[in-house]
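Here is the structure we will look at.
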């Protein structure tokens, strides 16, 4: 009995399941289409960058591969990958000095618009955080938490491994204002607090 070939007209591989070869069957099971296009190979990082970015407001969003922490990943040589925002910064501004981070002023880890990227130390990069602490469920503001014992809102800021106290307040909004003022007196790269003030 002759072996049947894949049901895809341009494929001569032997049929394995549902009339398709192993590759086309796998595409069907993964994407619902046996002819789903495979990831294209780009000859240069610049070509990959152009094909895998799209405008979203002022941001230039990376649509390609990502690291587990949510930052974009670009292949720069056949086996070497790096964070796409660092690659974009270097293309626009030159090499990143040793020990420096690239900070997103827009707080979007997938943005690779060189105008939204700046050099920062680890400390400065941490100052420009957006949102709340991961383990704080009582407030939507970084540095503000509800004290159940007193029934008031506490304000505090960590700076250079030291806790700075911003007092207790009757409302979350008052505590948020106190925390922003405290960060403005201690930090240099807390853009969100400075634009709100």
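The values are calculated or read from the model by the stated rules, or taken from the named source; none is laboratory data. Only a predicted model underlies this, so the values are computations on that prediction, with no experimental measurement involved. Don't worry about glycine lacking a Cβ; one is built from the backbone with ideal geometry, like all the others, and counts go over all protein chains shown.
Assorted remarks:
- Filter pass, residue 13 being on the phi < 0 side of the Ramachandran plot, touching a helix residue (DSSP H, G or I) at 6+ places or on another chain (Cβ under 8 Å) and outside the structural domain of residue 113 (by TED's automatic domain parsing): yes
- Residue count for region 157-197, restricted to those that are in contact with a helix residue (DSSP H, G or I) (Cβ under 7 Å, 6 or more places away or on another chain) and free of Cβ contacts under 8 Å to residues at least 12 places away in the same chain: 1
- Whichever residue in region 31-41 is surrounded by 10 or more Cβ atoms within 10 Å (Cβ to Cβ) and under 29 Å from the mean Cα position of the chain (by Cα) and, among such residues, is nearest to residue 12 (Cα to Cα): 36
- The set of residues from region 96-126 being over 18 Å from residue 66 (Cα atoms), assigned to a loop (DSSP other than H, G, I, E, B) and touching a residue at least 60 places away in the same chain (Cβ under 8 Å) comprises just one member, 105.
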